[in-house]
Amino acid sequence: MQDIVEKIALCVELGKINSTSPFPPDMQGQDGADEIAVEALKNGIQPDALLEGCMLGMERIGKKFGEKKAYVTNLIISAEAMIAVTNHLKPFLESGSVKQKGIFVIGTVTGDLHDIGKNLVSMTIKGGGFDVIDLGVDVPPQEFLNAIAQNPGCFVGLSALLTTTMINMEKSVNAIKDAHPETKVLVGGAPITEDFGKKIGADFYCKDAFDAIEKLNSIQET
Ligand code: B1M
């Protein structure tokens with residue numbers, strides 16, 4: 001199991017998407033994240049292990065980038081490698097109980113183009129029995145307001161990955177709470193914390209996709 005986690009982590013860190021990807025040159029012809037994920041799932045490895053490998057790989061490349069030891073292009077191919085894995089996880093994450101529990105609107109806030117975490121949250125919440133409306137990335141506050149107006153009673157999730165876009169998250173929460181104070185807002189993303197969520201008036205901070213579904217279920221139980 002640990003072997004698979006490490007193999008996936010290495011492919012994601014180095015941007016080895018599949019056997020035909022040219023990077024890194026010393027891994028040419030070898031299986032990439034895509035083939036390793038398919039094989040692992042075929043052998044009964046749990047999707048969680050593949051996700052763990054992806055997160056580890058992303059953490060490593062993110063750290064290198066922060067230390068100026070990697071470029072944006074490295075982040076792009078690492079993202080492609082992780083997407084290759086998550087594409088195979090989609091059926092598992094989305095295959096929850098079919099009972100429709102409500103509508104969940106999600107988007108990455110204005111100015112932010114990161115969507116891998118948001119997409120994972122979308123899939124997991126869909127699997128948890130909610131209808132998901134994914135507004136995509138770089139979503140201005142007004143678009144969230146339009147979606148709420150069209151889906152009364154929905155829950156809203158906001159994602160932000162940049163310290164520079166956390167302020168835009170606050171603007172979106174304010175706009176939502178001003179226009180629709182009853183709407184429950186959940187926030188998440190790497191730089192977001194419980195304290196920050198509270199400070200900007202969000203109802204819930206979610207550390208990851210599984211935490212998000214737990215929080216949504218808890219709202220429903222109250
Ligand atoms: Co960017 N990037 N990036 N990047 N990138 C970070 C975030 C960074 C930390 C890297 C670093 O410097 N170490 C850094 C931000 C620094 C900061 O703000 N202080 C950074 C930077 C600087 C940038 C650019 C500015 C680089 C540049 O152009 N010079 C640029 C900005 C573009 C923009 O958005 N305007 C940029 C671009 C990119 C790519 C496009 C190349 C690519 C994204 C591709 C894509 O998303 N399709 C990318 C990537 C891949 C990363 C890292 C390496 C990985 C992010 C990721 O996908 N993680 C990242 C470093 C890192 O995070 N370690 C980095 C995996 C994902 C599953 O985790 O998104 O955290 P995450 O989601 C988690 C939780 O946070 C939570 O659940 C998920 C797990 O279950 N969650 C939620 C997320 N959203 C939620 C919403 C919820 C609930 C939970 O709602 C309820």
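The values are calculated or read from the model by the stated rules, or taken from the named source; none is laboratory data. Computed from a predicted model, the values in this text were never measured in an experiment. Cβ placement follows ideal geometry from the backbone for every residue including glycine, while neighbour counts extend to all protein chains displayed.
Looking across the range 163-194, the residues that are buried (at least 18 other Cβ atoms within 10 Å of the Cβ), near the ligand (Cβ under 9 Å from one of its atoms) and over 28 Å from Gly129 (Cβ atoms) come down to Thr165, Met166. Quickly run through the range 89-109 and pick out the residues that are of a type outside the set (Lys, Arg) and surrounded by fewer than 19 Cβ atoms within 10 Å (Cβ to Cβ). Answer for the range 89-109, where residues must be of a type outside the set (Lys, Arg) and surrounded by fewer than 19 Cβ atoms within 10 Å (Cβ to Cβ): Pro91, Phe92, Glu94, Ser95, Gly96, Ser97, Val98, Gln100, Gly102, Ile103.
Would it be correct to say that Lys63 is basic (Lys, Arg), surrounded by fewer than 20 Cβ atoms within 10 Å (Cβ to Cβ) and under 25 Å from Ala209 (Cα atoms)?
Judged against the criteria, Lys63 is a match.
When the range 118-146 is filtered for residues that are away from the ligand (no atom under 11 Å from the Cβ) and crowded, with 23+ Cβ neighbours inside 10 Å, the ones remaining, listed by number, are Phe130, Val139, Phe144. Among the residues of the range 24-46, is any more than 16 Å from the ligand (Cβ to nearest atom), modelled with pLDDT under 95 and touching a Gly at 6+ places or on another chain (Cβ under 9 Å)? Yes, that holds for at least one residue. Determine, yes or no, whether Leu158 is among the aliphatic types (A, V, I, L, M), within 13 Å of the ligand (Cβ to nearest atom) and in contact (Cβ under 8 Å) with a residue 24 or more places away in the chain. So Leu158 passes the test.
Within the range 195-222, the set of residues being among the aromatic types (Phe, Trp, Tyr) and buried (at least 20 other Cβ atoms within 10 Å of the Cβ) comprises Phe204, Tyr205. Scanning the range 72-89 for residues that are of a type in the set (A, V, I, L, M, F, W, C) and over 17 Å from Ser19 (Cα atoms) yields Val72, Leu75, Ile76, Leu89.
Is one or more of the residues making up the range 4-21 free of Cβ contacts under 8 Å to residues at least 24 places away in the same chain, of a type outside the set (Gly, Ala, Ser), part of a loop (DSSP other than H, G, I, E, B) and farther than 21 Å from Met123 by Cβ? Within the range 4-21, one or more residues are free of Cβ contacts under 8 Å to residues at least 24 places away in the same chain, of a type outside the set (Gly, Ala, Ser), part of a loop (DSSP other than H, G, I, E, B) and farther than 21 Å from Met123 by Cβ.
Filtering the range 60-117 to residues that are in a helix (DSSP H, G or I), among the basic types (Lys, Arg) and more than 9 Å from the ligand (Cβ to nearest atom) leaves only Lys90.
Rundown of residues vs (1) within 23 Å of Glu59 (Cβ to Cβ); (2) free of Cβ contacts under 8 Å to residues at least 40 places away in the same chain; (3) polar (S, T, N, Q); (4) assigned to a strand (DSSP E or B), yes/no style:
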{"residue": "Phe144", "(1), (2), (3), (4)": "no, yes, no, no"}
{"residue": "Ser172", "(1), (2), (3), (4)": "no, no, yes, no"}
{"residue": "Gly201", "(1), (2), (3), (4)": "no, yes, no, no"}
{"residue": "Ile213", "(1), (2), (3), (4)": "yes, no, no, no"}
